[in-house]
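Each remark here refers to the structure printed beneath this line.
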Amino acid sequence: MPSFWERLLRRFRRRRAAAFILFACIQAAVVSAQINLGGHVSLSKKLSVIKTEYFDFIFAEESAASARHLALCADDLYRKAAGLLHIREQRRFPVLLTRETAVFNAYFTTLPYNRIVLYDSAPPSSFSVFSDNLASVFYHELVHALTLNIRSPFWKGMAAVFGDAFTPSFMLNLPSSFTEGAAVSFESADGQGRLNDAFSLHVVRQAKLENKFPDWPDVTGAYGAYTDGSLPYMFGASFSSYIQQRFGMDKYAEFWEESGKVHFFKLSAGIFKKVYGLSLTQAWNDFKNSYPVPHCEENLPPALCSPSSSEHRAGLRGDHLYANLTSSPGGLAWYDAASSSVMFLPIERSESRRKSAAAEADGAPFFAEKPVVLCTSDLSERLTFSRSGDFLTLSGVSGGAKAKRKARVYDMKKKRFVLELNGLSGVFTAERSDSAGIPATRIAATRIIAGIEREGLSYSLVLYDFDELTGAGSSAPSKSPSSHSCAPFKRIRFPHGVFPFDAVDAGNGRIMCILKHASFSGEPKRLSCSLFSYDMKTDKALVYEFADESLGEESAFFNPSLRYLSAYGDTLYLSCAQNSFSQPTLAFLDLNDLEGSQDDVPFLSVSNTQYSGGVFYPAAFDGGLAFVSRFYEHRTLSYTDFSGDCRRFALKAVPFERFFERC
C-alpha cells in the first residue's frame, strides 16, 4: 500500500500534468489566433506575393493595387526609419494585406514571428491627417517593427532560439507610450500625421488648459479615468517629438539601443536617466511646461441643456460620450459612445417648457427636458439628418472581427429603419429639384442617398435613387430594411491622394464635402483642405480653395484643418483649426455667396472666439448652434448664438477638371 508521501507525490504530478496541458492549450489557442490565415484572408482565395529588398507583400487579388503601391515606396520608408534609428542590420518582414474586415487599421506583432498585417479598407474621417493613408499607416507599423527588434547580442541569440517575441523593449522595458510615441512621432516628422493636426492634439492641449496634465506613468495605457483612448499615442508622441528636438536623433537612437538590453531594476525611467542624464520625471515636467496652449475665453460656452438637468450633470460626470451631433427642424440627434445609443432631443414647443427655459437662462434654447433613445447601434462614425428631418442616417462599421462597412436609414415618422446599404462611408440623404445633370429616367425622383466609395486607391462620391432603393410606391410590403442592389446614377471620381469626407446636402440641389490633399501652396509636404461642390442642376463640380493673400484679409497663407461639415438653411458650418496648436473653432459659409457671378468672392468666416473644450460637430438650429465640447475627462453639449467677431478668408473656385490635373 502506498505511503502518504507517495500518494501526495502522485497527486502533485497529476495536477502538474493537468496544469501543463491547460497552459499548452491556452498557448496553442493564442498562437493559432495569431497565425491562422483564415482569420485574415479567406482560405478559398488565391494569394500572391511581391518581394522587395526588405518585405514580402502577401495579398489576395482585391488588394493587388494596394500591394503594388506599397511595394514601390516600402524600401525607401525602411531606409528612412532605419537611418533615423541608426539600424545597420538588415531585416525582412512579411506584410499581409487583407480586406476581410472593413475596419481600416494595421498592427505589428512578434508572436510567434515578426509580421505586419494591414486591413486594406476605407478609412474614416479621422485619418484625414495623411495624403497617403495606406503608406502612412504602413510606415507607423514599420517603425514598430524596427524599434521592437532592436536587441543586444544576447537577446538576438534568445530570439533566434525561442522566437521573435523575445525582445526586452516590449517584454520588460517600455510601456505603450514609448512604443506608440515613437511610431506617431515618425509618421508626423514630415509635416503630416497626428502631431500636425489640431484635432488629434486636442487631448494634450486640453489637459494643460484644465491644469490636468498627466504625469508620465498616467499615459502608459492604464489611466483610470475616461479620456478618449489616445493618451499613449498623443502624449507619448508629443513627448517623443520633444526629446528628439531637444536632444537630437542620435540620443533617441541610443535610447532605443539601450532599451534592447536588460537593465536590472531600471526599466524605462532608469534607461532614460542613463541615456539623457536627467530623470524621466524632470524631462516630462520640462515638456509639460513648454507645451504651448492658445488663449481661450475665461467663461465656458453656455450649456445646451439646463445646468440643473440630469442630462447635463451626467455629462459632467463623464457618463455620456457625445459625438456626431446633427440637427433638423424637429430637434438634435447624437451618438452616445458610452451606451452605443442614438439619442434624440426634440424641440419643445409647449408654452410651459418655454417659460421654464426662459426662467433658467436668458435666451436658452427650447429643447425637451430629456433626450429619448431612438435605437442602439455600433454604427458610430457618422449621423446625418435629411434637411426635412424625416430621415436619420447612421454610418460606420458593424460585425466584430470581420466587420463590414454599413449604413442604415431611420425613418423618424415610422420609427423604424427603412434602408440598409453596404460598402459606403459617410452616407447621407438629400433632396433635389429638377436637375439637368441627372438622367431623364431619374428626374421624377425627389430624394437621393449618397456616400463615399473606395475604388482601389481612390475614392468616389456616388449617388443613388432613394425611392428605387427602398421600393417606395411598390405594392410589395417590406417588414425589414431593404439592402441596395442597383447601380448609382452618378459617380464622381476623385484623383489618387485626395480624400473626401463629411459630405452633406447643402440644399438647392448642391452636395458639398471636405477634401484633404497635398498642399499646392506653401510647403508641398503639408496637407491642405478644400471644399468640393457638385451642383445637380447643372452637373458642374467645383473645388473651393483658400485664395492667395491678395484676395483675403490675412497677410499670410491660410491653411487650416477642417472637420465635421454640416448644413442648415442657407449656411454651411464646420470646425476649423487654424494651426496645430489652436482650438477648433466655429467656421461658416453663406451658401448664397456660391450662387453669385464668377467675379463674386465667397468667404469662409472663422470665429475669433476660442473656448476651452473646442467646437466639435457643430449643428445649427433655429436661433442658435449646438456643438460638443470635449474636455479632458468628459464631454458636454454646448451652444452659441453666433455673437462675437470673425475673420473672413477668401475662397476661389477651381473647375474640378483643372483641380484633377494638378493632383
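The values are calculated or read from the model by the stated rules, or taken from the named source; none is laboratory data. Since the structure is predicted, the reported quantities are computational estimates derived from the model, not experimental observations. We place every Cβ from the backbone using ideal geometry, glycine too, and count neighbours over all the protein chains shown. Protein only, heavy atoms only, side chains kept; ligands, DNA and RNA dropped before computing areas. Shrake-Rupley method; radii C 1.70, N 1.55, O 1.52, S 1.80 Å.
Okay, here's what the table says:
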| item | result |
| --- | --- |
| Sulfur and carbon atoms: percent of accessible area, the range 586-663 [1.4 Å] | 41 percent |
| Difference of contour (0.36 nm per residue) and Cα-Cα distance, residue 269 to residue 590 | 110.2 nm |
| Local electrostatic count at residue 405 - Lys and Arg +1, Asp and Glu -1, tallied over other residues with Cβ under 15 Å | -1 |
| Exposure of residue 50 as accessible area (Å², to 10), given a probe of 1.4 Å and all protein chains | 40 Å² |
| Rounded to whole Hz, the Karplus (6.51, -1.76, 1.60) HN-Hα couplings of the range 375-384, x for glycine and proline | 5, 10, 7, 9, 7, 10, 6, 7, 10, 9 |
| DSSP-assigned coil residues among GluC sites (Glu not before Pro) in the range 206-310, each with at most 16 further Cβ atoms within 10 Å | 210, 297, 298 |
| Neighbour net charge for residue 158 - beta-carbon separation under 15 angstrom, K R +1, D E -1 | +2 |
| Residue-count net charge about residue 618 - beta-carbon cut-off 12 Å; Lys, Arg +1, Asp, Glu -1 | 0 |
| Residue order for 533, 388 - accessible surface, 1.4 angstrom probe, largest first | 388, 533 |
| Flagged links, alpha-carbon separation over 18 Å, of 516/540; 413/537; 490/516; 404/490; 208/288 | 516/540; 413/537; 490/516; 404/490 |
| Candidate aspartates and glutamates - alpha carbon under 12 Å from residue 402, same-chain residues fewer than 8 apart omitted | 100 |
| Partner lysines for residue 274 [C-alpha distance under 16 Å; skip if fewer than 8 residues away on the same chain] | 251, 261, 266 |
| Mean shadow area of the range 251-331 over all directions, Cα convex hull, nm² | 10.8 nm² |
| Residues whose placed amide H lies under 5 Å from that of residue 103, excluding near-sequence neighbours | 403 |
| J(HN,Hα) series, the range 404-418, from Karplus relation 6.51 cos²θ - 1.76 cosθ + 1.60, nearest Hz, glycine and proline x | 10, 6, 8, 9, 10, 10, 9, 7, 5, 7, 7, 6, 7, 7, 10 |
| Rh (Kirkwood; distinct C-alpha pairs) - the range 56-127, Å | 13.5 Å |
| Debye log10 I(q)/I(0) for the range 194-320, one point scatterer per Cα, at q = 0.10, 0.22 Å⁻¹ | -0.43, -1.43 |
| Cβ-placed point charges (K, R +1; D, E -1), dipole of the range 576-654 about Cα centre in debye, nearest 20 | 420 debye |
| Kirkwood hydrodynamic radius (C-alpha pairs) into Stokes-Einstein, the range 75-115, 10 °C and 1.306 mPa s, D in µm²/s | 128 µm²/s |
| Antiparallel DSSP beta bridges within the range 94-161, percent to nearest 5 | 55 percent |
